Amino acid sequence: MRRLRSSTVVLGGMGVLAATITSCGSEPDKRCVDPLTREKLPSYECGSGSTTRGSYYYGGSVSDNKVSGGSFDKTAVDTGGFGCSGSGGG
């Protein structure tokens, strides 16, 4: 019976490790941005309404309230994956 218990612990631990690795890079950072000026906007400017002027910008970084190094196309952005070396949110 002990042998079965220790195997369960090892397998459970591997499941936690696998979940951590795969969840780490699942979504790139997302910011609301003016597509013409690339200025960062409040999140409500990217809502679903006729008065919104922003678009979501994925990945990259913000410097002096302007974004760079990312893309308006979510699929074009590397999400980090195993090492989780993506930039922080903003």
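Ranked by solvent-accessible area (1.4 Å probe, protein heavy atoms only, all chains present), the residues E27, E45 order from largest to smallest as E27, E45. Length available on full extension from S55 to K74: 0.36 nm per residue minus the Cα-Cα distance, which gives 5.7 nm. Accessible area of C32 (1.4 Å probe, protein heavy atoms only, ligands and nucleic acids ignored): about 10 Å². The chymotrypsin sites (Phe, Trp or Tyr not before Pro) found in region 27-81 that occupy coil by DSSP, while having at most 16 further C-beta atoms within 10 Å, are F72.
The phi torsions of region 27-39, fed into the Karplus equation with coefficients 6.51, -1.76 and 1.60 and a -60° offset, translate into couplings of 9, x, 4, 10, 10, 8, 9, 6, x, 8, 9, 6, 7 Hz, rounded to whole numbers, with Gly and Pro shown as x. The listed residues R31, R38, R53 rank as R53, R38, R31 when sorted by accessible area, largest first, using a 1.4 Å probe.
The values are calculated or read from the model by the stated rules, or taken from the named source; none is laboratory data. The structure presented is a predicted model; accordingly, all values stated were derived computationally and were not measured. Cβ atoms come from the backbone with ideal geometry, glycine included; neighbour counts cover every protein chain shown. Each accessible area value is taken on the protein alone, full model and side chains, heavy atoms only, with ligands, DNA and RNA left out. Shrake-Rupley method; radii C 1.70, N 1.55, O 1.52, S 1.80 Å.
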